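Throughout, read-outs are computed from the coordinates displayed, never taken from laboratory work. Only a predicted model underlies this, so the values are computations on that prediction, with no experimental measurement involved. A quick note on method: Cβ atoms are made from the backbone with ideal geometry, for glycine too, and the neighbour counts reach across all protein chains shown.
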Amino acid sequence: MTFWAFQVLNGVSFGMLLFLLAAGLSLIYGVMRILNLAHGSYYVLGAYVALSVVRATESLLLAAAAGTAVVTAVGIFMERVLLRRLPRGEELPQALLTFGILLIVGDVSLWIWGGTPQTLPRPEILSQSVRLGPIVFPSYRLFVIGAGLAAGIGLWALQERTRLGAMVRAAIDDAEIARATGIDVSRLSTAVFALGAALAALGGIIGGPLLGVYPGADFEILLLAFVVVIIGGLGSLKGAFVGALLVGLLDNFGKALFPEFALFTIFAPMALILAVRPTGLFGARP
Amino acid sequence: MTRLGAAAGVVALSLLPLALTSYQLGLLTKMLIFGVFAMSLNLILGYAGLPSLGHAAYFGVGAYTVGLLAVKVVDHFWLDAAAGLLAAALTAALFGLLALRAHGSYLLMITLALSQVLWGIAFGWRWLTGGDDGLPGVPRPAAGLPFSLADGLRFYYLVLVVFALTAAALHVVVRSPFGRALVGIRENERRMEVLGYDTWLYKYVAFVLAGVVAGLAGVLFVYYNGFVSPVYLSIVFSATALIMVILGGAGTLLGPALGSAVIVFLENVISAHTERWLLVLGLIYVALTLFAPEGLLGLVARWTGRRAS
């Protein structure tokens with residue numbers, strides 16, 4: 001009983017971290033049809049910047065703010081200065097450019113922060129455990145789940161209940177028509193890119209105390225976020241949420257039950273879903 | 001004209017070793033092997049318009065199959081090489097079934113995810129593959145051949161023959177009705193369907209063929225290197241193949257081989273001076289996509305065209 005409860009908790013909390021990445025990846029694709037391979041960079045860069053700031057100032061809040069701000073700036077730079085120069089509707093140049101950024105950020109991070117895995121400290125209040133019935137849970141994991149849920153609800157409310165969200169939905173449906181109805185798709189794209197980058201950075205900062213940050217973490221998390229959006233479907237917030245929960249749980253149970261075959265517990269369901277629905281559970285036709 | 005050029009190229013590459021040190025000869029061998037790899041990706045990317053972020057899978061499967069057989073089972077050139085090609089073909093046949101249902105960005109993600117499964121196996125199954133440390137001690141082919149290829153010069157000629165034959169075979173393929181149909185699919189798949197082509201089957205055959213040729217490059221490489229590690233199944237290696245193709249010019253027969261030569265050369269020179277090769281490689285990706293999307297040959301054509309006009 002305790003074993004299962006723990007595995008479910010770990011799986012769901014990891015799923016919420018993946019959701020923070022996959023939501024941005026999915027929104028960016030939805031509005032701009034850009035597959036952003038540099039999304040993994042945002043995750044590690046957020047964590048590394050936060051690490052440096054927390055070492056200098058001992059303030060986690062300041063560190064989280066700085067990490068998010070730096071990464072958001074990188075995202076805006078990429079969208080406004082680099083990606084706009086590429087031809088629209090061609091996925092390969094975008095993939096190569098964002099992959100180049102992934103390599104650059106990875107190597108510069110290795111240069112600055114070195115090759116040893118490092119962990120962010122967790123806040124004092126959240127270092128305790130919480131007793132829920134017969135089981136004792138680490139409170140930080142509950143916090144991660146809460147943060148993921150809050151982000152999910154916030155994004156849902158933003159998309160379904162606000163004017164900005166209506167514009168985003170219109171742009172996801174058809175960017176040309178949205179532009180014709182007077183929506184400033186250009187500024188909207190920048191905003192969505194910035195939001196996606198900020199969410200990924202938050203994922204790295206919140207995940208930092210659990211998973212640590214190290215060279216190669218960018219590729220690992222990017223790959224899992226890809227599996228999430230392959231399963232859930234690009235451009236769909238609901239898909240990102242369901243996919244993230246599924247991958248988080250599968251990854252965790254896979255590692256706990258069949259460590260040798262951990263990757264298959266993620267990829268076998270992915271292959272199955274692809275065989276039935278090539279655009280994922282909730283994805284629109286590309 | 002093309003035939004004359006090809007003949008001149010082969011003669012030049014045959015005579016080049018006379019002027020090279022053994023180290024430079026090794027580098028040239030590597031360029032040709034990666035050239036075969038890049039040409040294989042070009043078949044699906046340049047001609048059929050199918051981007052893949054997982055092409056290292058077939059290279060790696062070919063290399064690991066030969067490496068494992070030669071080290072642990074039997075060291076026999078023809079047997080091991082054939083098994084390597086077969087394994088690459090089967091992998092491509094399986095991955096193609098899953099991946100080719102998708103288009104565009106989904107295709108990129110799925111090919112990447114599938115190749116990462118193999119990377120995970122090579123990385124995780126230490127008892128079989130040596131994990132992160134890789135699989136060392138693969139001997140140069142000797143058994144099954146009339147003479148040993150341990151000597152660098154003889155091995156170079158083997159690679160040169162394979163390279164030339166591959167280029168010739170791909171030349172025939174892309175000029176055949178099959179190759180023309182691939183280009184048609186790249187330009188307008190819907191129209192080809194309306195014309196009665198089974199476009200899925202064309203893409204699938206091209207995908208498997210590209211996998212086999214990539215496997216061939218992997219087989220040559222493991223003999224060349226004597227060692228294979230998960231790096232050769234990784235996304236970075238897959239993306240390097242992409243950049244070689246784009247750098248030389250996608251959809252041109254020998255452009256990708258040129259791209260491979262440039263990248264191998266740059267990696268060698270830059271790694272000798274700094275540890276920041278990946279940073280430089282990243283900058284190459286960014287600069288190339290922004291400033292020379294049609295590759296080096298396209299850039300040259302643009303300059304000379306400008307001068308002419």
Task: B:Asp132/B:Leu195 FRET efficiency (R0 35 Å; Cβ-Cβ; nearest 0.05) - done: 0.10
Open item on the list: Order these by the 10 Å Cβ neighbour count, fewest first: A:Thr279, A:Thr162.
Closed with: A:Thr162, A:Thr279
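Assign unit charges at the C-beta atoms only (+1 for Lys and Arg, -1 for Asp and Glu), then state the dipole size of chain A relative to its Cα centre in Debye, rounded to the nearest 20. Write down the numbers at each step before the final one.
Details: 18 positive and 15 negative charges, 99 e Å.
Here chain A has a charge dipole of around 480 debye.
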TODO: With θ set to phi - 60°, apply the Karplus curve 6.51 cos²θ - 1.76 cosθ + 1.60 along the range B:47-54 and write out the HN-Hα couplings as whole Hz, x wherever there is a Gly or Pro.
DONE: 9, 8, x, 9, x, 9, 9, x
TODO: Would you list the P(r) distribution for the range B:26-233, with all Cα-Cα distances sorted into 5 Å bins from 0 and each bin expressed as a whole %?
DONE: 1, 8, 15, 19, 19, 15, 11, 7, 4, 2, 0
- [ ] Rounded to whole Hz and in sequence order, give me ³J(HN,Hα) for the range B:60-67 from the Karplus expression 6.51 cos²θ - 1.76 cosθ + 1.60, θ = phi - 60°, writing x for Gly and Pro.
- [x] x, 5, x, 5, 5, 4, 5, x
- [ ] Please report B:Arg126, B:Arg3 as a ranked list, fewest other C-beta atoms within 10 angstrom at the top and most at the bottom.
- [x] B:Arg3, B:Arg126
Task: Ranking of B:Phe59, A:Phe267, A:Phe99 by count of other Cβ atoms within 10 Å, fewest first - done: A:Phe267, A:Phe99, B:Phe59
Task: Quarter of Cα convex hull surface for the range B:143-230, i.e. mean projection, nm² - done: 7.9 nm²
Open item on the list: Quick check: convex hull over the Cα atoms of the range B:40-109, volume per residue in Å³, rounded to an integer?
Closed with: 82 Å³
- [ ] Quote to one decimal, in nm, the extra length available between A:Glu176 and A:Gln118 on full extension: 0.36 nm per residue of separation minus the C-alpha distance between them.
- [x] 16.4 nm
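How long are the semi-axes of the equivalent ellipsoid of the range A:162-286, defined as square roots of 5 times the Cα gyration tensor eigenvalues? Whole Å, largest first. Before the final figure, lay out the partial values.
Working: eigenvalues 193, 76, 20 Å².
Value: 31, 20, 10 Å, ordered largest first.
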Task: Those lysines that a straight Cα-Cα span of less than 27 Å connects to A:Lys238, excepting residues fewer than 8 apart in one chain - done: A:Lys255
Open item on the list: Less than 15 Å apart at the alpha-carbon level, and either on another chain or at least 8 residues along: which aspartates and glutamates does that give for B:Lys203?
Closed with: B:Glu187, B:Glu189, B:Glu193
Open item on the list: Can you give me the long-range amide H partners of A:Phe137? Hydrogens built in the peptide plane at 1.01 Å from N, cutoff under 5 Å, separation of 5 or more residues or another chain.
Closed with: A:Val130, A:Arg131, A:Leu132
Open item on the list: Under 5 Å between amide hydrogens, which residues at least 5 positions from B:Val228 or on another chain qualify, with H placed 1.01 Å from N in the peptide plane?
Closed with: B:Leu135
Task: Orientation-averaged projected area, Cα convex hull of the protein assembly as shown (nm²) - done: 30.4 nm²
Open item on the list: For a Förster distance of 22 Å, can you work out the FRET efficiency between the beta-carbons of B:Ala6 and B:Val300, rounded to the nearest 0.05?
Closed with: 0.65
Task: Sum of side-chain charges, B:Gly120 neighbourhood, beta-carbon under 15 Å (Lys, Arg +1; Asp, Glu -1) - done: -2
Task: Whole-Hz ³J(HN,Hα) from phi, Karplus 6.51 cos²θ - 1.76 cosθ + 1.60, for the range A:74-79, glycine and proline x - done: 4, x, 5, 4, 4, 6
TODO: For chain A, just the Cα set please: Rg and Dmax, both in angstrom.
DONE: 18.6, 59
Task: Alpha carbon centroid spacing (whole Å) that separates the range B:264-280 from the range A:112-147 - done: 40 Å
Open item on the list: Just to be sure I follow: if Rg is taken over the C-alpha atoms of the range B:158-309 and Rh is the Kirkwood radius over the same atoms, what is Rg/Rh?
Closed with: 1.01
TODO: Between B:Val286, B:Val71, B:Val208, find the one with the highest GNM mean-square fluctuation for chain B; connect C-alpha pairs within less than 10 Å.
DONE: B:Val286
- [ ] Starting from the Cα of B:Lys72, draw a straight line to each of the aspartates and glutamates and keep only those under 19 Å, dropping any in the same chain fewer than 8 residues away.
- [x] B:Asp80, B:Asp132, B:Asp133
- [ ] Work out the FRET efficiency for A:Arg55 and A:Ile125 from their Cβ-Cβ distance, taking R0 = 22 Å, and round it to the nearest 0.05.
- [x] 0.65
- [ ] Compare the Cα positions of B:Val194, B:Val231, B:Gly179 along the charge dipole of the range B:79-231 (+1 at Cβ of Lys, Arg; -1 at Cβ of Asp, Glu; about the Cα centre) and return the one farthest towards the positive end.
- [x] B:Val194
